[in-house]
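Enquirer: Shown below is the structure under consideration.
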């Protein structure tokens with residue numbers, strides 16, 4: 001028995017194609033005390049996993065000197081909108097080395113568009 005036969009994941013149409021190094025803004029629904037609100041997460045995509053379960057992506061940003069990472073599934077209905085702010089130029093698939101760097105040192109170059 002395979003996981004693909006048990007579940008049929010429909011990808012969220014509000015999530016565009018992402019790559020590691022991209023800076024994104026994610027609007028996610030948060031439920032607190034029975035109330036629902038939208039929270040904005042902005043950061044660098046450090047990991048994109050694609051798999052039979054639909055996959056997920058992890059973004060990281062630094063707030064008040066502390067690194068914060070958040071993982072979002074591609075098929076989650078709680079993700080309202082994902083906007084790509086800039087495409088980063090990186091040479092790795094997983095950017096875990098950014099965890100050891102500060103906010104200024106962890107900046108990536110921007111990928112240039114071909115004319």
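Enquirer: Only one residue in 51, 55, 88 is buried (at least 17 other Cβ atoms within 10 Å of the Cβ) and within 16 Å of the chain's Cα centre (by Cα). Which one?
Expert: 88
Enquirer: Going residue by residue through region 54-66, is there one that turns out to be over 14 Å from residue 15 (Cα atoms), modelled with pLDDT of 90 or more and in contact with a helix residue (DSSP H, G or I) (Cβ under 9 Å, 6 or more places away or on another chain)?
Expert: yes
Enquirer: Against the conditions (1) assigned to a strand (DSSP E or B); (2) closer than 30 Å to residue 112 by Cβ; (3) touching a strand residue (DSSP E or B) at 6+ places or on another chain (Cβ under 6 Å), where does residue 37 fall short? Just the number, please.
Expert: Every condition holds for residue 37 apart from (2).
The values are calculated or read from the model by the stated rules, or taken from the named source; none is laboratory data. Just so it is clear, the structure is predicted and the values come from calculations on it, not from any experiment. Note that we place each Cβ from the backbone using ideal geometry, even for glycine, and neighbour counts take in every protein chain shown.
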